[in-house]
1. Taking the range 257-285 on its own, how many of its residues are within 23 Å of residue 427 (Cα to Cα) and in contact with a helix residue (DSSP H, G or I) (Cβ under 6 Å, 6 or more places away or on another chain)?
2. Only one of 311, 325, 353 is at pLDDT below 95 and surrounded by 24 or more Cβ atoms within 10 Å (Cβ to Cβ). Can you tell me which?
3. Test each condition in (1) part of a helix (DSSP H, G or I); (2) buried (at least 18 other Cβ atoms within 10 Å of the Cβ) for residue 175 and report the one that comes out false.
4. Go over the candidates 344, 300 one by one and state the one that is touching a residue at least 60 places away in the same chain (Cβ under 8 Å) and out of contact with any strand residue (DSSP E or B) (no Cβ under 7 Å at 6 or more places or on another chain).
5. Please go through the range 122-141 and give me each residue that is in a strand (DSSP E or B) and closer than 21 Å to residue 218 by Cβ, ordered by number.
6. Mind checking which residues of the range 81-97 are within 17 Å of residue 165 (Cβ to Cβ) and either within 22 Å of the chain's Cα centre (by Cα) or in a strand (DSSP E or B) (or both)?
7. Would you mind telling me which numbered condition in (1) in a helix (DSSP H, G or I); (2) under 19 Å from the mean Cα position of the chain (by Cα); (3) at pLDDT below 95 residue 390 fails?
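The values are calculated or read from the model by the stated rules, or taken from the named source; none is laboratory data. All values reported here derive from a predicted model rather than from experimental measurement. Glycine also receives a Cβ, built like all others from the backbone with ideal geometry; neighbour counts cover every protein chain displayed.
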């Protein structure tokens, strides 16, 4: 089935599965794997070493032109997104699928490009050279790994370009990029004056935009935020090491989740709007959950955000991403997490990184490494989701004492948090099929309750 309207800010919007489109691209990937021996070997290594499937790393496929190709793609929901002298680029706005490049040549040649965080790392671990097209830390770089039986196997390092051509930038870009990265890495995250700290964070984001542009600034910020989260999450460290064994990095990321206090939520949204993100659908877990989220996306960077906040039942109808949210007399799951650890964009870091895996395989492979999964909160043929068991972070006594004074926390919970710590961050195991781009809105109340510090 094909969706006609693909983006909507309303909480009632539902993404649809796109099985025909997914099957079409999967058949091309299968053909490429069958024809290119090195690609087939690589696909096997991905499954064994990282618990992932090749398809979820595919950036794009290139196919020869045929009289019916364009019509066939359009009939299953793909649209022409861009054109170049020798090809056209198609993408499916209603699905999470690789791009399709239709080459003008009718010669029976194909190409498959795999995305990685760093081509340098990929080539290093394979002890293999290659001519890298594109300048370091630019919008897009690529290298051809092999060509076999009419199928070329490419590695692509994509930051902000939605095109297919390598990008060459002035040497000054390197200085600006590294300076911007250092500024975000070394920014202060802790202060008694959180309002002032949030204002300085917004000002710093604006400075990064002036230095490297909004999309490159977005890429830098999320790269740093992943590393900060990983420094505090053992499951993330273990899985990243598995993926680095093949030189992949976190190029299989699906979305990044930030939790926010009600007070700072509009500022968090503003920060990411400054970085070129737009508000996609709003997400509301239900009155019993007391929680909602604004999903944001930067299409140029291929980055998706889940911004979580406590919500009251009567606030679902407002644009809570831009509407000031008054303080409440109680704290929900998200609010308490932020009160104990800090907002995600400040001290706490991301609540979780969600990446795409072979769901059951990752569970069993991580179990062998003593990393355990919580009960799945999505278990559909097209979407499976589960958190790793959260790590406990220490909680400062002065933090809980302030919450007791405000009658936001019981003395019993406070003493338990001081003694045992409170649940912190997770890695999320996600598996998508049929091009499904959305999230589960029915069972999310279950997992929100399971991650409430008072119940863990």
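1. Residues in the range 257-285 being within 23 Å of residue 427 (Cα to Cα) and in contact with a helix residue (DSSP H, G or I) (Cβ under 6 Å, 6 or more places away or on another chain): 6 in total.
2. Sole residue among the options that is at pLDDT below 95 and surrounded by 24 or more Cβ atoms within 10 Å (Cβ to Cβ): 311.
3. (2)
4. The conditions single out 300.
5. Selection gives 140, 141.
6. 81, 82, 83, 87, 88, 89, 90, 91, listed by residue number.
7. (1)
Yes/no per residue for (1) in a helix (DSSP H, G or I); (2) in the same structural domain as residue 372 (by TED's automatic domain parsing); (3) farther than 28 Å from residue 197 by Cβ; (4) modelled with pLDDT under 95:
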position	(1), (2), (3), (4)
236	yes, yes, no, no
241	yes, yes, yes, no
251	no, yes, yes, no
258	no, yes, no, no
270	yes, yes, no, no
286	no, yes, yes, yes
304	no, yes, no, no
